[in-house]
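Inspection log for the structure reproduced underneath, given as structure tokens.
The values are calculated or read from the model by the stated rules, or taken from the named source; none is laboratory data. Quantities reported herein were computed from a predicted structural model and do not represent experimental measurements. Every residue, glycine among them, receives a Cβ derived from its backbone with ideal geometry; neighbour counts consider all protein chains shown. Keep in mind that these areas ignore ligands, DNA and RNA; they rest on the heavy atoms of the full protein, side chains included. Shrake-Rupley method; radii C 1.70, N 1.55, O 1.52, S 1.80 Å.
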Amino acid sequence: MNKYKKITLDGLIFQNPTLMLVLGTCPTLGLINSAMSAAGMGLTVVVILTLSNILISLLRKVIPNEVRIPCYIVIIATLVTFARMFLEYFVPDLYDSLGGFLALIVVNCIILGRAEAFANKHNVLESAVDGLANGFGFTLALTAMGIICEILGKGSLFGLHLWNFKIGMFSSPAGSFIIYGLSIAVFVYIIDGFERSRRVKANKLARENLLKEEV
């Protein structure tokens, strides 16, 4: 259980693909001016990342090492094609808002990175958990930044009008870049503070145990 807990916490927090590893920057900067687009992209990545991790884990002993990257791309491209067809038919508004960023999922660093670094070396269940954790870590980060950008830049939230006050810059790529940078800085500061606190507690506990042994 601790193994799956670690995989989950790494994907969601400690190795968050967006805020800690700074992967998937292209869709992040292109879509976080709208909370709905950010959430839609994130959830699409969750599905594709989880399924690709599962398939690559299942096939890891069959795929020749020399052509593993092209094989990963074929698997991911197939999943992206099905996702595009599904969104275009069932959620056309979301499909239109994602635009060309949807096709770029094929070469998204998060998906290829998890395939190479994790799914290629672990069993199906672990790979599925890793895909879900990293996918939702990406989704939560994108959606949170999308909410901030949309409220500040458009005075709305998920398309619902809130007020007339707007800061137009936050509807532009420049505003998205600023929010992204600040989000990374705040997130890393919080995680570093947590890690320092955990190390202090661990050292204190170790000293207490040492004193008990001496007594």
Report task. Please enumerate the residues belonging to the range 88-102 that are outside any helix (DSSP H, G or I) and either under 24 Å from residue 114 (Cβ atoms) or under 20 Å from the mean Cα position of the chain (by Cα) (or both). Result -> 102
**Report entry** Yes/no for residue 12 being more than 19 Å from residue 128 (Cβ to Cβ) and either in contact (Cβ under 8 Å) with a residue 60 or more places away in the chain or part of a loop (DSSP other than H, G, I, E, B) (or both)
**Finding:** no
Query raised in the report: Of all the residues that make up the range 12-68, how many are of a type in the set (Ser, Thr, Tyr) and either over 24 Å from residue 94 (Cβ atoms) or in contact with a strand residue (DSSP E or B) (Cβ under 8 Å, 6 or more places away or on another chain) (or both)?
Result: 1
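Hey, can you tell me all the residues within the range 138-178 that are of a type in the set (Ser, Thr, Tyr) and over 22 Å from residue 21 (Cβ atoms)?
156, 171, 172, listed by residue number.
Yes or no, residue by residue, for (1) more than 21 Å from residue 143 (Cβ to Cβ); (2) open to solvent by 10 Å² or more (accessible area, probe 1.4 Å); (3) hydroxyl-bearing (Ser, Thr, Tyr); (4) assigned to a helix (DSSP H, G or I):
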| site | (1), (2), (3), (4) |
| --- | --- |
| 38 | no, no, no, yes |
| 45 | no, no, no, yes |
| 58 | yes, yes, no, yes |
| 71 | yes, yes, no, yes |
| 81 | yes, yes, yes, yes |
| 86 | no, yes, no, yes |
Query raised in the report: Does residue 95 count as out of contact with any helix residue (DSSP H, G or I) (no Cβ under 8 Å at 6 or more places or on another chain), open to solvent by 40 Å² or more (accessible area, probe 1.4 Å) and farther than 15 Å from residue 131 by Cα?
Result: no
